[in-house]
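Participant: Next up is a structure, given as structure tokens.
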Amino acid sequence: MLNRAKFIFPLVTIGLCLAAGPGRTQQAPPKSPKAEHAPEKALDPWWKHAVIYEIYPRSFQDSNGDGVGDINGITSRLDYLRELGIDAIWISPMYPSPLVDFGYDVSDYTAIDPLYGTLADFDRLVSEGKKRNIRVIMDFVPNHTSDQHAWFAESRSSRTNPKRDWYIWRDGKEPGQPPNNWQSWFGHSAWKFDPITNQYYYHHFYTEQPDLNWRNPQVRNAMYDAMRFWLGRGVAGFRIDAVSRLFEDPNLHDDPILPGKNAYGDPNIAHKYTDNLPEVHQVLREMRSVANEYPGDAVLISEADEPNIAELTKMYGSKNDEIQLPMDFQIADVNKLSAPDFRRLLDEIDRNPAGGQPHYFFSNHDQPRQWDRYGDGVHNDQIAKLMAALLLTTRATPLLYYGEEIGMRTTDPVRKEDVQDPIGQLGWPQEKGRDGERTPMQWDTSKDAGFSTAERPWLPVPPSSAEYNVKAEAQDPNSILSFYKRLLAVRRSEPALRDGKYLPLDQGNPDVLSFLRKTPGKGDSILVVLNMSAEPRTVSFALDVRGVREATARPLISAPKIARESAVLAHFTVPAFGVFIGSVH
Ligand code: GLC
């Protein structure tokens, strides 16, 4: 999960009393074909070559003037996404939710929250997407529901309720004592006492997010039916939230205590008995076979905050029968421009024994935006291009976060009373929450940057929108947006970028990350040279051993501009934070 959560979330255990939204199940799902489509699965499925774009629906486009983005707003921007070169959108949760965790607390898995629209709006989004070859990927939150979900209301009502075992209920160790020392990811005890039945329930995240009991077959079936509901409506797959947290030790062993305390005064612990239990893999296999009941090679993407590449690799499944695209937090969290660190991780995942497809990203709704996280405060626009080139030239399936293509920056609230994210309200001023990376998309220079016509959008539009917006950048050939568009176009048109092997070059270089993408025996290879330092660097490439005969590379994209005369392989100079992508023959 989010890297910074490890540091900040322990503050939050007290109940967050936000109003519950009505969970309205709308019309029955189309029938599942119930047939395993695995035999007809493509050998070269779409998701290996797709560029995926995460949309935070509250912040992309408001179509009805209430200050919050919505489904019709997203539909109205599909042409923009098509022109940009996006193949699939992953939309953060739009299910009915009391919004304690802004939608990651679901109160009905088979409906759309009226705040975002209706199921008919959703169906229209899917079909309009289809016309433009843009697939829709749902967010799926299996670990926990909202405490306002009807299942939890039943479960908590009595110890004998048929849904009692759908959640994790236990007696306290002794009066006033939780069952054991497990801690919530968001801080303090992971157990909440419920006076209705005098037992504790387990919540890995907020107290308003009780964990489902995945050992109960009825829970599994209900959740798989929810997946079928959306697959039947034509979604192209799921981004599965917090998958490694699905199981806990049934014997409730205490987690090992580590030295020191966390930022909020809890003893540090290793989440040995609540994270990454081997039982997770059976569930992932079952989810995959649910996806396989439908045609179209539905993809499963996992939020897999694994501690290393070896653990990440397990998410693919021993027979490649689990997750196709585990999100690689190792790459996302390098957090500095370090050619050796990126090289080591790229090499390691490229050689993963499962042969799985890597899946990279740098920004999302939980992480400060890459523009400032990797920027040095002086060359941020240039560094944004460098990071774009890194994301879009390896063989990984890339994941963009809305607004990174225009250089949106993290814009934290300046006053506590403006904070929306509960962790920011509770952690202020040390922790300002995640509002900063969730601000409205910057479309143009009209009021609220073209995001909304409301008096006040749910989060303020950053001042940087005056300069950094889609309209202005579309007209500037040197903008970050124009650079992304060119990169995405080259990624599509160059066979070696699409299919080529990843071959690292000059592996001892401390500043310059370079590699070839090469399709065996066919056409040109693509040379990628990324200078991660603030000084010009000269590299000597000996590519004859890789079958390259010419002495210079032909530039396809460079920033700042590098002419062909300067692209001499034996003596190749790249400017500070420079990017070169060229073909070699
Ligand atoms: C995931 C989501 C995050 C949420 C958490 C708990 O990490 O990305 O936004 O707070 O799950 O549901």
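The values are calculated or read from the model by the stated rules, or taken from the named source; none is laboratory data. Just so it is clear, the model here is predicted, and its values are computed rather than measured. Here the Cβ positions follow ideal geometry from the backbone for every residue, glycine too, while neighbour counts run over all protein chains shown.
Participant: Report every pair of residues separated by at least 6 positions or lying on different chains whose Cβ atoms are under 9 Å apart, first residue within the range 415-427 and farther than 14 Å from L99 by Cβ, second in a helix (DSSP H, G or I) and aromatic (F, W, Y).
Facilitator: Listed by first residue and then by second, the contacts come to G427/F9.
Participant: Still on this structure: Where in the range 449-532 are there strands (runs of 3 or more DSSP E), lying wholly inside it, with at least 3 residues that are more than 22 Å from F572 (Cα to Cα), touching a residue at least 12 places away in the same chain (Cβ under 8 Å) and not hydrophobic (A, V, I, L, M, F, W, C)?
Facilitator: Because the criterion is at least 3 residues that are more than 22 Å from F572 (Cα to Cα), touching a residue at least 12 places away in the same chain (Cβ under 8 Å) and not hydrophobic (A, V, I, L, M, F, W, C), no strands (runs of 3 or more DSSP E) in the range 449-532 meet it.
Participant: Of all residues in the range 287-317, count the ones that are part of a helix (DSSP H, G or I) and surrounded by fewer than 17 Cβ atoms within 10 Å (Cβ to Cβ).
Facilitator: The number of residues fulfilling the criteria is 3.
Participant: Among the residues of the range 537-581, count how many are exposed (fewer than 13 other Cβ atoms within 10 Å of the Cβ) and not in a loop (DSSP other than H, G, I, E, B).
Facilitator: So the count comes out to 7.
Participant: In the range 126-185, how many are of a type in the set (A, V, I, L, M) and closer than 30 Å to L78 by Cα?
Facilitator: The initial filter retains those residues of the range 126-185 that are of a type in the set (A, V, I, L, M), namely 126, 134, 136-138, 141, 150, 153, 168.
Applying the additional criterion that residues be closer than 30 Å to L78 by Cα yields 126, 134, 136-138, 141.
Matching residues across the range 126-185 total 6.
Participant: If you scan the range 318-337, which residues turn out to be within 16 Å of the ligand (Cβ to nearest atom) and part of a loop (DSSP other than H, G, I, E, B)?
Facilitator: I323, M327, D328, D333 - these are the residues of the range 318-337 that are within 16 Å of the ligand (Cβ to nearest atom) and part of a loop (DSSP other than H, G, I, E, B).
Participant: In the range 82-101, which residues are near the ligand (Cβ under 9 Å from one of its atoms) and modelled with pLDDT under 95?
Facilitator: Once the filter is applied, which keeps residues that are near the ligand (Cβ under 9 Å from one of its atoms) and modelled with pLDDT under 95, the range 82-101 yields only D101.
Participant: Starting from the range 234-259, take each residue that is within 30 Å of W90 (Cβ to Cβ) and list its partners that are away from the ligand (no atom under 16 Å from the Cβ) and aromatic (F, W, Y), counting only C-beta distances under 7 angstrom and pairs at least six apart or across chains.
Facilitator: E248/Y273
Participant: Return yes or no: is K192 basic (K, R), touching a His at 6+ places or on another chain (Cβ under 8 Å) and over 21 Å from V235 (Cβ atoms)?
Facilitator: yes
Participant: Could you check the range 343-443 for helices (runs of 4 or more DSSP H) lying wholly inside it with 2 or more residues that are at pLDDT 95 or above and either more than 16 Å from the ligand (Cβ to nearest atom) or touching a helix residue (DSSP H, G or I) at 6+ places or on another chain (Cβ under 6 Å) (or both)?
Facilitator: Passing ranges, in order: 370-373, 380-393.
Participant: In the range 47-78, which residues are outside any loop (DSSP other than H, G, I, E, B) and of a type in the set (S, T, N, Q)?
Facilitator: S59, N72, T75, S76
Participant: Restricting to the range 318-339, name every residue that is of a type in the set (G, A, S) and surrounded by fewer than 20 Cβ atoms within 10 Å (Cβ to Cβ).
Facilitator: S318, S338
Participant: Here is a follow-up. Output yes when any residue across the range 116-131 is in a strand (DSSP E or B) and either under 24 Å from the mean Cα position of the chain (by Cα) or within 16 Å of the ligand (Cβ to nearest atom) (or both), and no when none is.
Facilitator: Among the residues of the range 116-131, not one is in a strand (DSSP E or B) and either under 24 Å from the mean Cα position of the chain (by Cα) or within 16 Å of the ligand (Cβ to nearest atom) (or both), which makes the answer no.
Participant: Hey, another quick one. When you scan the range 177-199, how many residues do you find that are modelled with pLDDT of 95 or more and assigned to a loop (DSSP other than H, G, I, E, B)?
Facilitator: Qualifying residue count, the range 177-199: 11.
Participant: Among the residues of the range 260-280 satisfying the criterion of being of a type outside the set (D, E, K, R) and within 16 Å of the ligand (Cβ to nearest atom), which is farthest from P93 (Cα to Cα)?
Facilitator: First, pick out the residues of the range 260-280 that are of a type outside the set (D, E, K, R): 260, 262-265, 267-271, 273-274, 276-278, 280.
Filter once more, keeping what is within 16 Å of the ligand (Cβ to nearest atom): 271, 274, 276, 280.
Values: H271: 26, T274: 24, N276: 23, V280: 22 Å.
Top of the filtered list is H271.
Participant: Could you check the range 132-173 and list, in sequence order, the residues that are aliphatic (A, V, I, L, M), within 16 Å of the ligand (Cβ to nearest atom) and out of contact with any strand residue (DSSP E or B) (no Cβ under 6 Å at 6 or more places or on another chain)?
Facilitator: Correct list: V141 only.
Participant: Right, another one. I need the full set of residues from the range 502-536 which are buried (at least 19 other Cβ atoms within 10 Å of the Cβ) and of a type in the set (V, I, T), in order please.
Facilitator: V512, I526, V528, V529
Participant: Scanning the range 205-237 for residues that are in a loop (DSSP other than H, G, I, E, B) and away from the ligand (no atom under 16 Å from the Cβ), which turns out nearest to A150 (Cα to Cα)? Even if it seems obvious, please write down each step before you answer.
Facilitator: Let us first name the residues in the range 205-237 that are in a loop (DSSP other than H, G, I, E, B), namely 205-210, 213-216, 233-236.
With the extra rule that they be away from the ligand (no atom under 16 Å from the Cβ), the set shrinks to 213, 215-216, 233-236.
Values: N213: 15, R215: 19, N216: 17, R233: 23, G234: 26, V235: 25, A236: 28 Å.
Filtering the range 205-237 for residues that are in a loop (DSSP other than H, G, I, E, B) and away from the ligand (no atom under 16 Å from the Cβ), the one nearest to A150 (Cα to Cα) comes out as N213.
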